Amino acid sequence: YHCTGNWREDHGQALFGVAVNPYLSDTDTLVFATAGFNRVTVYQSPQQPQGNTGSNEIEMVQCYADPDPDENFYTVAWSYDADTKKPILAAAGVRGIIRILSPASMSCIRNFIGHGNAINELKFHPKDPNILLSVSRDHALRVWNLKTEANIVIFGGVEGHRDEVLSADFDMSGEKIVSCGMDHSLKVWNFNTENIKEAVKASYQTNPNGSKITFATVNCHFPEFSTRDIHRNYVDCCRWFGDFIISKSCENSVICWKPGNLDANRNEKTTIEDESTIIQKLDAKDCDIWFIRFSMDSEEKCLALGNRTGKILVWDLDVEHPSDIRCSVLSNPKCVSTIRQTSMSRSGNTIIAVCDDATIWRWQKN
Amino acid sequence: MTEDELLKKWRDVLEREIVQITAGQPKVKKLEKSSVLNAWQTNRKRIESKLEDRNMPLLQWDVEDFPSNNSMANGGKTGGSKKVKLMDGKKVVSEGHVMDLPKAETCPNWTTWIPIQRNLMPDKALPTNIPYFGDEVIEKDKNFIGSLEEEVNHVNIESLNDEKFLQLVEAVDKHKDAKLFNVKSEVFHPKSKCESQYCSESAKNGSLPRLFVFQVIHACYPEYGSTEQHINRYKNLNKSLRKEQFAPNIDGPDAMDLPAEKTLHTFKTLLCRRCFLFDCPLHKDDPPVDERLQQPNAKYLPLPTEPCNSNCYKNNNSNGALSPRTPMSERRKEKLGDQKELYSDEYKMEVAAYLGGSNSKLDSWTNAEKCLYRVLIGYYPGNFCAVAKILATKSCEDVFQFSVKEGSTSRGEKRKVAPKVNKFGKSSQAQLYKHTENGWKENKKPYIPCHHPGSDCLPGVCSCRENGNFCEKFCYCPISCSTRFPGCRCRGNCKTKMCPCFFASRECDPDLCNNCLDGKLELNPSTNSCQNVYLQRYLGKKLHVAQSDIAGMGCFLGETAEKGDFIAEYVGEMINQDECESRGRVYDKSKMSYMFTLNDEYTLDAARFGGIIRFANHSSKPNCQSKILLVNGDHRIGIYAKQKIEKGEELFFDYGKDFVGHDLI
């Protein structure tokens, strides 16, 4: 990779979230959104021909700002309208309101209010672009239906997280959710129970304005699996990697592990008492503060993680044996601030990183 | 290695083990290289197949479709006049107008909580983490964070219960690091007679842990007890472990052949005598007492004399001597003959499979059936028809034959309970009650059923007397015990100090207060029925949570309440003083507290588990007040209306000194 540009947003505040639109081909133009301060900004930048380091083109397409100066956006996620195929952008932050933005009409089409505190991450369902997952400081996860504003499920409670939930991810089939948080724990929630499937179905039928009957949100108090044995501190990022889970804490490492028995079939149920298996521990230098999130390309072959000193660590996961995983470090002498999040383009050719000093960095595969 | 170093090393080892034991064994496996390889490659294949399955759509980003920032600004539609810039060094790369998002109100901050109806005792020693209070607190309050860290990582050997103590001994015994066994060291020499005795014992018996285990525990944690104490503790535990019957299997093909007492063992140990619940979440601390309560002489219904159906054993003449037999009229016989069998064949098969019988062998008795029979015959002595009905797989004839083999328990031999001698009687109980400070009694100590067989409830013997409590119906002392609370004999509504129950801050007890509650399950406020039972019957008012007019969330009344009406019970986790202190410090920092002092030992914390009333805010001129009542042996907090409250009003009560923490939620 080589650095093909860096820019700074004029507010100078920390940028916490970045997301490249994964539904667009990145061969000609790259579209990404950043979150930080009270702003969500959409950029587009033409894709450079390989090896071209000279051009530095980028265009700010749209910028949304919350009227409340206390707002601080932490996270953004892309989806699309199932009918019109127009892009949709979701953003949320410290005030706990999820903003659903439609760049096509340049407007905020919906607000989801319900979380009792800040929202730390947003994720869309991999198969249904209307299903949105949010995780919050209020110790719970919520799933929403974009079409009808219904809050389908709340994950949390008796066996739920006992402190802020920091990150969560749908697996590729959209049947399971992994979540992690400040209580050092990682939990796997089943999103494919009969109960929830019915609620998802019902959520499409509910009419937010028409009827007085509110939608009966499902409360799920019990995860399918839970562990505190992987990390010994705040777990601030987790992603599915096939049947494995990759997660990190502020302990200078990224850990690839599997809930339950290693050779257990996927359909075999894991229970809360089950043990987990650590596949590989990847060392990550200067990753000792929390709220730093990594990303993977859409084919899950590559993982990119920023660190406290402004370097990006890239691991190639497409190897024969996990012990063959090698790390390459991307560094630029001018990039010295903490990288909060990275985002990889659909093909994995471009990495966008955002920093504490409001800078945006673009790296291009050689 | 010097002795100090050695001890330090051992201390580390012990600390690690204790942390592991208290936190539960970490369930992480390390793996062989080949199996990892296999799993890794399978996983990659799975990703590929799922990728195909997912088939992420590729959409078009048609830039022309988007209104540019400038045109929006010109249109004036959004009102966004502020310009934002993207810089490259000092050069402006791109700029545009901001689109202002519509204003949106947030709801007040709150954290996920779990609604419960009654108090519960949390599982002890839950692993915790250090909460994040914001960078400011971390910077300014290093001591506070440091002390929290210490607490979170604190190794508390005192908290090891018997089971965990055994785990620790075993874990330490397994240590094989030769460096840690400096035989020359003073530490490992048997120092007392007991120690050397144990040394020779363990040398003979390989299954016993070596002496050094106990020495090391003592050397590292001197305050925890002497080596001798550890040895004795271990020996006792080991003995009781061996003695203890593990929960026997009583159904399925592997069932054991057990007497009734053992069959019911699990049920008995799990049943809470105070709540009639299995695995009760509140009275976990009550010591199990392996003793039958004095039972009133059971009155059994008369045995049915008629045969239960045409095949009933009572029709069998050969049994005639044993059972009363009435000749059956032909008509009745006919009627019975027409009667369908009680259970279908499929159902019988199903039950038989559960009881471990195979389909073909319905005639022989499986162990599960035997167990069930022995339990049932205790409740239906002599009534074989009833037992057969419940068993489903056996006819009453079978049951009868089996009972002959077993040596039947007939009604006559059934428990002979000696007639009670009422030593004191109600009047003298009442007298004692009168002597307790005019009947008023501050009951601040939690109640634990007393158990001291063979002696009366006297000071120094009885735990209730020691704590200044009355004996309750759950005590193991005789019903005639003089320190039992006698209950009230009111005919009124028990809402004034005239009622001794009300006066003593107790709710009326349906087992004691015969006049006000006798048979009156329906409470009717308009008549003179007891109104001092609202807590135990969960007769609270309708409540709503909404944004408070004062701060954060508030609790609002959903129906009108008169002065003195019961509003709701303040429920939560019942935690002890230590836990209360450590939680309290965290709550104070985060400026949220839901703790309420219950009695001298326990505090209720409604932060994670609670009821809607937890949202009620503090006020110095409140419209509600709290009262701590003793309800069937448990202290509970009731919130009552201090004045008439209209529907829709917000509820407040004075947190006062009982409320731990500060004055605003």
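See the values below:
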item: Cα convex hull of chain A - mean projected area over all directions, nm²; result: 17.6 nm²
item: Estimated distance in nm for a label pair at B:K268 and A:Q205, the labels positioned 7 Å out from Cα along Cα-to-Cβ; result: 5.3 nm
item: Linear extension gain, B:K204 paired with B:D279, 0.36 nm per residue minus alpha-carbon span; result: 22.8 nm
item: Relative contact order computed over chain A (Cα-Cα under 8 Å; 6+ residues apart), in percent; result: 15 percent
item: C-alpha center-to-center spacing [segment A:190-256, segment A:128-180] in angstrom; result: 4 Å
item: Accessible surface buried upon A-B contact (total; probe 1.4 Å; Å², nearest 100); result: 7600 Å²
item: Amide N of segment A:104-138 lying under 17 Å from the label point, which is placed 7 angstrom from the Cα of A:A82 along Cα→Cβ; result: A:124-133
item: Efficiency of FRET from Cβ geometry, B:V545 and B:E95, R₀ 35 Å, rounded to 0.05; result: 0.15
item: FRET efficiency, 1/(1 + (r/R0)^6) with R0 41 Å, evaluated for A:D70 and A:N366 via beta carbons; result: 0.45
item: Those residues of segment A:233-258 whose amide nitrogen sits under 19 Å from the label point placed on B:S35, 7 Å along Cα→Cβ; result: A:243-245, A:256-258
item: Pairs of Cα atoms farther than 21 Å apart, segment A:55-205, %; result: 44 percent
item: Fraction of alpha-carbon pairs over 18 Å apart in segment A:1-123 - percent; result: 53 percent
item: FRET E, pair B:N232, B:K405, Förster distance 45 Å, beta-carbon r, rounded to 0.05; result: 0.45
item: Residue-count net charge about A:L303 - beta-carbon cut-off 9 Å; Lys, Arg +1, Asp, Glu -1; result: -1
item: Gaussian network model of chain A, springs between alpha carbon atoms under 10 Å - residue of A:M172, A:M106, A:M344 with greatest fluctuation; result: A:M106
item: Disulfide-incompatible cysteines by the Cβ rule (no partner under 4.7 Å) in chain A; result: A:C3, A:C63, A:C108, A:C220, A:C237, A:C250, A:C256, A:C287, A:C302, A:C327, A:C335, A:C355
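The values are calculated or read from the model by the stated rules, or taken from the named source; none is laboratory data. This one's a predicted model, so the numbers in the text were calculated from it and none came from an experiment. Methodologically, a virtual Cβ is constructed for each residue, glycine included, from the backbone with ideal geometry; neighbour enumeration extends over all protein chains shown. SASA here: full protein model, heavy atoms, side chains in, ligands and nucleic acids out. Shrake-Rupley method; radii C 1.70, N 1.55, O 1.52, S 1.80 Å.
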